[in-house]
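Here is the structure we will look at.
Read the figures in this text as sums done on the coordinates, not as results from a lab. Treat the numbers as computed from the prediction; the structure is a model and nothing was measured. We place every Cβ from the backbone using ideal geometry, glycine too, and count neighbours over all the protein chains shown.
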Amino acid sequence: SERAERYNFASGPAMLPKEVLEQIREELPNWRNTGSSVLEQPFTSTAFKQLMVETEADLRTLLTIPDNYRVLFMQGGASAQFGLLPLNLLRSGQSADYLESGHWARKAISEARRHSPVNVIASGTEQAFTALPPLDHWQLDPAAGYCHVTSNETGNGLQLQEFPELSVPLVADMTSDFLTRPLPLERFGLIYASAQKNLGVAGLCIVIIRNDLLRAPPPGLPTAFSYAAQAEQQSRFNTPPTFALYVTGLMLRWMGRNGGVPAMAAAAQQRSRLLYRCVENSDFYLCPQRPADRSPINVCFQLTKPGLTETFLTEAERNGLANLRGHAAIGGIRASLYNPMPLSGVARLVEFMTDFERKHG
Ligand code: PLP
């Protein structure tokens, strides 16, 4: 059945472009003339191996990934990576540096602490995570195994604008802004991102790792979660999340057809500027985030009059503007504007916000 016109602002799983949904539906019964659905494909079949090769090649082209980096398709989401990073990258007793920038960085830190010593290089706690600690405040340990940052704090609405050149491998959780802006890839040791936001459906986590960081799995680490083992077996040590990989492949091609990463970045700026301007131009809405650190991907704001948030959310939903509730731990309103969100969705939200203020302001 057809769906009604509706914009989905969920933080994830997020909306897919209409044309990608249609392509999935069309191709579902008979994928690539195999006589079966992609859901029924053995991951060892020639057709599926080919899909994995193409998906990696498309990702490499979009992000200009240098040859000395490997692309891994893993399971367990970014949350599993929180624990897998220290297990795979650190030597016994070695510690890691972490930037405490918000909700997701804290999750990454608490998981890492279960396996290794963690040194918090700077924290945004004093500003209640409304600003990012500036680079010159980071207290880096030159002996750290790596330095971890969260490039975009999905719940707090903050984005790291610059990635420093460090003497230790820079590791970034890019789950919510992967493929939304060009990256200086050579500055990173490792990047990881769950797929369910900018590039597909849940179940797949992409890891991009510099070759020299691959090493034999330490005792106690399940082989399926070893970067080296998955790299050696082209991410087919065990069954990869085949459907999520297929959708990711479609999304990468959609991005390629629509101007690639530079065009995604320009669209993200256009969308978020429109929305931040609407918030800034009114005393009815408030965005406490420091302007220079505001995320173009997850726009978080509050209503200044108490007790109106639920009404806002209910009326927005009635107007086809779905899932605008802020992160459970943070509250307020959050509009997640991933790559598939058209500018018309933000224009409609801004129109709604202006009307809502007129009615309730
Ligand atoms: N890191 C960031 C920045 C996120 O936004 C999320 C999910 O919202 C996660 C990690 C967790 O991802 P997953 O649920 O795939 O483990």
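Counting other Cβ atoms within 10 Å, keep those with at most 16, restrict to DSSP loop, and tell me which trypsin sites (Lys or Arg not before Pro) in segment 42-98 are left.
For trypsin sites (Lys or Arg not before Pro) across segment 42-98 that sit outside H, G, I, E and B with at most 16 neighbouring Cβ atoms in 10 Å, the list reads Arg91.
In whole angstrom, how far apart do the alpha carbon centroids of segment 126-159 and segment 19-41 sit?
42
Quick one: order Thr239, Thr130, Thr180 by neighbouring beta-carbon count within 10 Å, fewest to most.
Thr239, Thr130, Thr180
Given R₀ = 25 Å, FRET efficiency for Gln50-Gln161 by Cβ-Cβ distance, to 0.05?
0.05
Give me the number: length gained by fully extending Asp67 to Glu351, i.e. 0.36 nm times residue separation minus the C-alpha to C-alpha distance, one decimal in nm.
97.6 nm
Quick one: which residues, 5 or more positions from Arg325 or on another chain, have an amide H under 5 Å from its amide H? H modelled 1.01 Å from N in the peptide plane, none for Pro or chain starts.
Arg334
With the calculation restricted to Cα positions, what are the radius of gyration and Dmax of segment 91-184 in angstrom?
Cα only, segment 91-184: 12.6, 36 Å (Rg, Dmax).
Quick check: Cα centre of segment 168-237 to Cα centre of segment 62-82, how many Å?
Rounded to whole Å, the Cα centres lie 3 Å apart.
Once you've got the GNM for the chain with C-alpha springs shorter than 10 Å, pick whichever of Ala244, Ala216, Ala122 has the biggest mean-square fluctuation.
Among Ala244, Ala216, Ala122, the largest mean-square fluctuation in the Gaussian network model of the chain belongs to Ala216.
Where in segment 197-225 does the amide nitrogen come within less than 11 Å of the point 7 Å from the Cα of Thr34, taken along Cα to Cβ?
Under 11 Å, as judged by backbone N against the label point of Thr34, lies no residue of segment 197-225.
Would you work out if the chain is rounded, prolate or oblate? Take a ≥ b ≥ c from the square roots of the eigenvalues of the alpha-carbon gyration tensor; rounded if a/c is under 1.5, else prolate when a/b is larger than b/c, oblate otherwise.
Oblate shape, in that a/c is at least 1.5 and b/c is the bigger or equal ratio.
Run lengths n ≥ 4 of DSSP H only: what is the helix-derived mean residue ellipticity at 222 nm for the chain, with -39500 (n - 2.57) per run over all residues, to the nearest 500?
-11000 deg cm²/dmol, from helical runs alone.
Pop out the ³J(HN,Hα) list for segment 344-361 in order, Karplus 6.51 cos²θ - 1.76 cosθ + 1.60 with θ = phi - 60°, rounded to Hz; leave Gly and Pro as x.
Result, rounded to whole Hz: 4, x, 6, 4, 5, 5, 4, 4, 4, 4, 5, 4, 4, 5, 4, 6, 10, x.
Is the shape of segment 125-262 best called rounded, prolate or oblate, per the rule: a/c under 1.5 gives rounded, else a/b larger than b/c gives prolate, else oblate, with a ≥ b ≥ c the square roots of the Cα gyration tensor eigenvalues?
oblate
Expected output is a single nm value to one decimal: the length gained when fully extending between Glu19 and Arg277, i.e. 0.36 nm times separation in residues minus the C-alpha distance. What is it?
Gain in length upon complete extension: 89.9 nm.
For Ala266 and Lys359 in the same chain, what is the full-extension length gain: residue separation times 0.36 nm, less their Cα-Cα distance, in nm?
Result for the pair: 30.2 nm of gain on full extension.
Is the C-alpha gyration tensor of segment 278-325 telling us rounded, prolate or oblate? Criteria: a/c under 1.5 is rounded; beyond that, a/b larger than b/c is prolate, otherwise oblate.
Judged from the Cα gyration tensor, segment 278-325 comes out oblate (a/c at least 1.5, b/c at or above a/b).
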